[in-house]
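Okay, structure first, notes after.
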Amino acid sequence: MSDLDLDVTGYANGGAGVARHDGRVIFVAGALPGERVRAHIVDDRKASFARAVVAEVLDASAHRVAAACPAAAAGAGCCDLSFVEPAYARELAAGALGDVLARIGGFGVDAPAAPAVETLGDQSTRWRVRTRLAVGADGAVGLRAHRSSTLVTQPCAAPVDGLLDGLTDLGAAPGSELVLAADADGLRHAVELAPPAGGGRRTDRRGRAQRARAHTTRRRTVRTLAGDDRVEHRVGARSWSVPVTGFWQAHREAPAVYSRTAADLLARVGVTGDVRVWDLFGGAGVFTAALCDADRGFTVTAADIVDTDPDALAAAEHTLADVPVAVHRGDVAALVAGLDRPDVVIADPPRSGDGAEVVDAVVAAEPSAVVQVGCDAASFARDLGRFAAQGYRVRAWRGFDAFPMTHHVEAMAVLTR
Ligand SMILES: C[S@@+](CC[C@H](N)C(=O)[O-])C[C@H]1O[C@@H](n2cnc3c(N)ncnc32)[C@H](O)[C@@H]1O
């Protein structure tokens, strides 16, 4: 496809620069507002917009810096904004989050001012405590290039110190995946995930679905290559033992910051006294722990943690054995209607968000306060908009640079009836 010389005038949620050509919006990956770039069109199928990548920067932004991530500079899909000065990247992210909250959530002048995007720590590199890498046919280890099966062996700048040391010496089998996690003391644990059985070579829809099922960690053989197959994580005075392959927040500061923020937000809207909590998409129960341990004027008398992951729920039961929690394994949408009415709900869904069914079930349960967490701005805004349309009001929100050097942000909001 042809190249175009474009003036980039904006930044869109998703990390691309925005330009216009012949009445059409062009999203240009790798371009910053104020730049003039030669853009290579990569997707031209839609009438109203096209997607492009930067082929050459003709006039660079003052905020463009040398890429901090060698893997991203070599084409990996890890740190798509590692070429942007970090404070400016947070400004762009805050603008995009505000735009999405207005456009998708419908929040206007009567909502609190759009959140800034705050740092979680003092550095934008070396923040990631877990990562998953591919092992090539020759035993080389790396990330896949963006939308490609090519292996990039240059190191990513996001993992914490030591996580990527001596990768090829770990002896992961060709074709496998290597999952690495750093524990609370900074020690590295590594497991190999055997190639999925029945991955096949079919490229039709059924073949892709088969491969997706086969790729789930749960069906694959796990072999420990360094440390243990479980990792101990700590938040406050509690610790959790979770499998190396299990979910834990990627940023080393995230669990502590998010859980402290949830307690702060609830205190801020006046939650007091005895409260029953629903911790939806609650994983290992880090939020429940924070609310039980917070000295913020309320006492958790019962908590229901709902998640699909049995390992996370087992860790929750173990770590929270001293507090009144019940864990429920399964789909939140299917299970919430059967739980006792809550006073407070925390929902921390995957990127797809709560979805209409879960929001409606929470509204029907009439909690006095809801803390909504989101790692995808669009679904976060959509869920909040649905709460707002049913009588819940956003009282405060926060944005976090939880994935530095990338366009992703984490957002939290507290709503009351
Ligand atoms: C963003 S994580 C949050 C986990 C936890 N709140 C934490 O901070 O560690 C999302 C969680 O949702 C769970 N999950 C995904 N889809 C689900 C569903 N439909 N029903 C219940 N849990 C789900 C995942 O297993 C994962 O633990």
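The values are calculated or read from the model by the stated rules, or taken from the named source; none is laboratory data. Here the structure is a predicted model, which means the values were calculated and not measured. Cβ atoms come from the backbone with ideal geometry, glycine included; neighbour counts cover every protein chain shown.
For segment 295-312, taking the residues that are in a helix (DSSP H, G or I) and in contact (Cβ under 8 Å) with a residue 24 or more places away in the chain, the one that is farthest from G270 (Cα to Cα) is identified as D311. With respect to the conditions (1) of a type in the set (V, I, T); (2) touching a residue at least 40 places away in the same chain (Cβ under 8 Å); (3) more than 28 Å from A381 (Cβ to Cβ), V65 falls short on a single one, namely (2). Of the residues making up segment 345-356, those that are near the ligand (Cβ under 10 Å from one of its atoms) and surrounded by fewer than 22 Cβ atoms within 10 Å (Cβ to Cβ) are P349, P350, R351, S352, G355. In the set (1) touching a residue at least 60 places away in the same chain (Cβ under 8 Å); (2) aliphatic (A, V, I, L, M); (3) near the ligand (Cβ under 8 Å from one of its atoms), the condition left unmet by A315 is number (3).
For D279, the requirement of being out of contact with any Lys or Arg (no Cβ under 9 Å at 6 or more places or on another chain), more than 16 Å from the ligand (Cβ to nearest atom), at pLDDT 95 or above and at negative phi is not met. The residue list P310, P324, P342 contains one member that is buried (at least 23 other Cβ atoms within 10 Å of the Cβ) and farther than 29 Å from D401 by Cβ, which is P342. Scanning segment 151-202 for residues that are hydroxyl-bearing (S, T, Y), surrounded by fewer than 20 Cβ atoms within 10 Å (Cβ to Cβ) and in a loop (DSSP other than H, G, I, E, B) turns up just one, T153. Annotation note: of D322, D340, the sole residue that is touching a residue at least 24 places away in the same chain (Cβ under 8 Å), in a loop (DSSP other than H, G, I, E, B), more than 12 Å from the ligand (Cβ to nearest atom) and assigned by TED's automatic domain parsing to the domain that holds L266 is D340.
What tally of residues in segment 389-413 results from selecting those that are assigned to a loop (DSSP other than H, G, I, E, B) and farther than 24 Å from C78 by Cα? Don't jump to the end; show me each part of the working.
So the first thing to find is which residues in segment 389-413 are assigned to a loop (DSSP other than H, G, I, E, B), and the list is 390-392, 402-409.
Filter once more, so that each one left must be farther than 24 Å from C78 by Cα: 390-392.
Number of matching residues: 3.
For the structure I just gave you, tell me whether V345 is outside any helix (DSSP H, G or I) and aliphatic (A, V, I, L, M). Spelling it out, V345 is indeed outside any helix (DSSP H, G or I) and aliphatic (A, V, I, L, M).
Residue count for segment 284-306 satisfying the condition of being out of contact with any strand residue (DSSP E or B) (no Cβ under 7 Å at 6 or more places or on another chain), of a type in the set (D, E, K, R) and within 16 Å of the ligand (Cβ to nearest atom): 1.
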